[in-house]
1. May I ask you to verify whether Met110 is at pLDDT below 85, part of a helix (DSSP H, G or I) and surrounded by 12 or more Cβ atoms within 10 Å (Cβ to Cβ)?
2. Keeping to segment 68-89, report how many residues are modelled with pLDDT of 95 or more and among the β-branched types (Val, Ile, Thr).
3. In segment 11-21, what residues are exposed (fewer than 13 other Cβ atoms within 10 Å of the Cβ) and either within 13 Å of the chain's Cα centre (by Cα) or at pLDDT 80 or above (or both)?
4. Working only within segment 6-37, note down all residues that are in a loop (DSSP other than H, G, I, E, B) and in contact (Cβ under 8 Å) with a residue 12 or more places away in the chain.
5. Which residue is surrounded by the most Cβ atoms within 10 Å (Cβ to Cβ), if the candidates are limited to segment 32-57 and must be more than 21 Å from the chain's Cα centre (by Cα) and modelled with pLDDT of 75 or more?
Amino acid sequence: MTTIEIVSEERTEQTIYRAICGEQEATGATPGQALDRIEQELTARGGEQSGCTVVIVQRFLPDDLFTAQQQARLRELMDRLHEAVAVGEVLSPQVQEELEDLVEAELKAMIERSARILKQTQRDEK
């Protein structure tokens, strides 16, 4: 089975979408365009040709697993991290720990979202 993740990235005033499959990446102006491009690259490079592909589109919208407040704080801390790296500084241990905790919370939320999707898919097949 091939798994492709699609994430959105805001660049200046335009959102681009990045499709990721293992080490392969492709971008596009829409999720579909990014997906088409990565599929083309995988086919051209002799990628896995299974009959099943799972596509995960991460919209980064708040939900019951990762709230709007958590998202805002994560964005704020990521901005601070990028600013610190740009000038050769590091975050304080407390801020670094908070950032790591938020990343871990979002990862756990993503896993739970995936489990919910899997359960729903299994119910739909019955």
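1. So Met110 fits the description; yes.
2. So the answer is 1.
3. Hits for segment 11-21 are Gln14, Thr15.
4. Ala29, Thr30
5. Looking at the filtered set, the residue picked out is Thr43.
The values are calculated or read from the model by the stated rules, or taken from the named source; none is laboratory data. Here the structure is a predicted model, which is why all the values come from computation and not from measurement. Please note: Cβ atoms are built from the backbone with ideal geometry, for glycine as well, and neighbour counts cover all protein chains shown.
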